[in-house]
Structures are given as structure tokens and as C-alpha cells.
1. Do you know which residues across region 84-115 are under 18 Å from LEU43 (Cβ atoms) and of a type in the set (A, V, I, L, M)?
2. If you go through region 183-199 one residue at a time, how many are in a loop (DSSP other than H, G, I, E, B) and on the phi < 0 side of the Ramachandran plot?
3. If I filter region 47-75 down to residues being part of a loop (DSSP other than H, G, I, E, B) and polar (S, T, N, Q), which single residue comes out as farthest from HIS174 (Cα to Cα)?
4. Taking THR147, is it surrounded by fewer than 17 Cβ atoms within 10 Å (Cβ to Cβ) and part of a loop (DSSP other than H, G, I, E, B)?
5. Name the single residue that is surrounded by the most Cβ atoms within 10 Å (Cβ to Cβ) among those in region 115-144 being among the hydrophobic types (A, V, I, L, M, F, W, C) and under 18 Å from GLY90 (Cβ atoms).
6. Filter region 86-103 down to residues that are under 25 Å from LEU15 (Cα atoms) and not polar (S, T, N, Q) and give me whichever is surrounded by the fewest Cβ atoms within 10 Å (Cβ to Cβ).
7. In region 49-85, which residues are modelled with pLDDT under 95, surrounded by fewer than 21 Cβ atoms within 10 Å (Cβ to Cβ) and in contact with a Gly (Cβ under 6 Å, 6 or more places away or on another chain)?
8. Would you confirm, using the coordinates I've provided, whether GLY41 is farther than 17 Å from ALA187 by Cβ and surrounded by fewer than 18 Cβ atoms within 10 Å (Cβ to Cβ)?
Amino acid sequence: MVATIMSVRLTRAELEQFNGATLPDLLGDSVRLLFVGINPGLLTAAVSAHFARKGNRFWPALYQGGVLPRLVDASAGMRADDLAMVNEMGIGITNLVDGASARADELTREQLRAGAKRLVETVRRVQPRVVAMLGVTSYREAFERKTAVTGRQDHDLGGAELWVLPNPSGLNAHETLDSLAAAYRRAAIAAGIEVGPPP
């Protein structure tokens, strides 16, 4: 199904068919830095690639921060060479909540808190050096840390160093590509990833 839809523009009705759909985690053999999105968007679920929407700044921020040597375009799915590069770099991606939705603010408190428990189990199994949660508001709700701020946290998560970083969604107007790139670069360095100079 993915191969069919990648060549056409999806209508709102077609995208809605992916409401609640899940997306496999991107976990290579040796994850050092595990990024945690809030939940998949509908387009992300449709093309089965994390952070696939063109307006999302996740992949551009990793490139701008020198974390990845080239820009990934996941809007039509992950290319095999991009997937291999991400795995080789030791970067993994999961979501706090599995089910896709049009907007993260559609998620309930119960979904976020259940996702927090599942995330701890994932982290214990994968054993990354650093977990980077993307979105302070969702983190506060999911982990009942009402006063949390972005940056490195004073506690770990499942044995991994925990960072709460800004959400890369285009809806997050408080952040620029440069500020996202700097934040993601700091987490990558903490995870022991060899970063290059910004382009």
C-alpha cells in the first residue's frame, strides 16, 4: 500500500484512514541516541517513516546541527541508504504514543501516561546512552513532572541520560531551525555520536 500512495498526493479523507495506525520503531543494532516523538502524524503513518511531513524540522535540524552528514527527506518514506546511515550513526526513533493522529493535542492524559510506562520498557531493552524526548508539554503530562524545562534532566529514564528537547513540529513557533539544531547537537554529543561541523 505504501508504494501506491507515495506517488500521489493524499486527500484529507485518505489521510484520515491512518488515524490510529502505528509505525514501527526505528531501532538499529546499537542505538546510542533514542529520539522520542509524541506520536505519529497521519502522513508519517501513511508513508511509514518518522517525521515525514515536509514542514517538520526534525531531519533538517539533525543535518543543520552536523549530527547527520546529509539531509534526509522522509516525505515519501525512508530510502534504504538513509535508513542505513541513521542506524550506523547510532540514532533510534520511537514514539511516546503508538497511534497516529492529526494533532498531538488529540491525545488523552491516559494515553500519554501509558506511553510513558511503555517507553521506560523500551529504553531498558534498547539501552541507549541518551534518550531525547521531543516536547516538554507532553513530557510533563506523561511523566507527571509539571515543572520540567527543556535540557538535560536531573534524573535518568530506564538507565539512560534523559534530555527533554523542543518539538520539531512546524507548529512550534517558539523554536527556529537553528535552535533545534543546537539542541539536538548537544544531545548527540552527550550520546557519544561523532558530529560534524554544521553545513
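1. Of everything in region 84-115, those that are under 18 Å from LEU43 (Cβ atoms) and of a type in the set (A, V, I, L, M) turn out to be ILE93, VAL97, ALA100, ALA102, ALA104, LEU107.
2. In the first step, residues of region 183-199 are kept if they are in a loop (DSSP other than H, G, I, E, B); the result is 191-199.
Going one step further and asking which of them are on the phi < 0 side of the Ramachandran plot, we end up with 191, 193-199.
Total meeting the criteria: 8.
3. Taking the candidates together, the pick is SER48.
4. Numbers: surrounded by fewer than 17 Cβ atoms within 10 Å (Cβ to Cβ): yes; part of a loop (DSSP other than H, G, I, E, B): yes.
Considered against the rule, which asks whether it is surrounded by fewer than 17 Cβ atoms within 10 Å (Cβ to Cβ) and part of a loop (DSSP other than H, G, I, E, B), THR147 comes out as yes.
5. Quick first cut of region 115-144, residues among the hydrophobic types (A, V, I, L, M, F, W, C) only: 116, 119-120, 123, 126, 130-134, 136, 142-143.
Subset that is under 18 Å from GLY90 (Cβ atoms): 123, 126, 130-134.
Details: VAL123: 21, VAL126: 19, VAL130: 25, VAL131: 29, ALA132: 25, MET133: 27, LEU134: 26.
The extreme case among them is VAL131.
6. Result: ARG103.
7. Selection gives ARG53, GLY55.
8. Working: farther than 17 Å from ALA187 by Cβ: yes; surrounded by fewer than 18 Cβ atoms within 10 Å (Cβ to Cβ): no.
When the stated conditions are applied, GLY41 does not pass them.
The values are calculated or read from the model by the stated rules, or taken from the named source; none is laboratory data. Since we're looking at a predicted model, the values are computed, not measured. For neighbour counting, all protein chains shown are included, and Cβ atoms are generated from backbone atoms with ideal geometry for every residue, glycine included.
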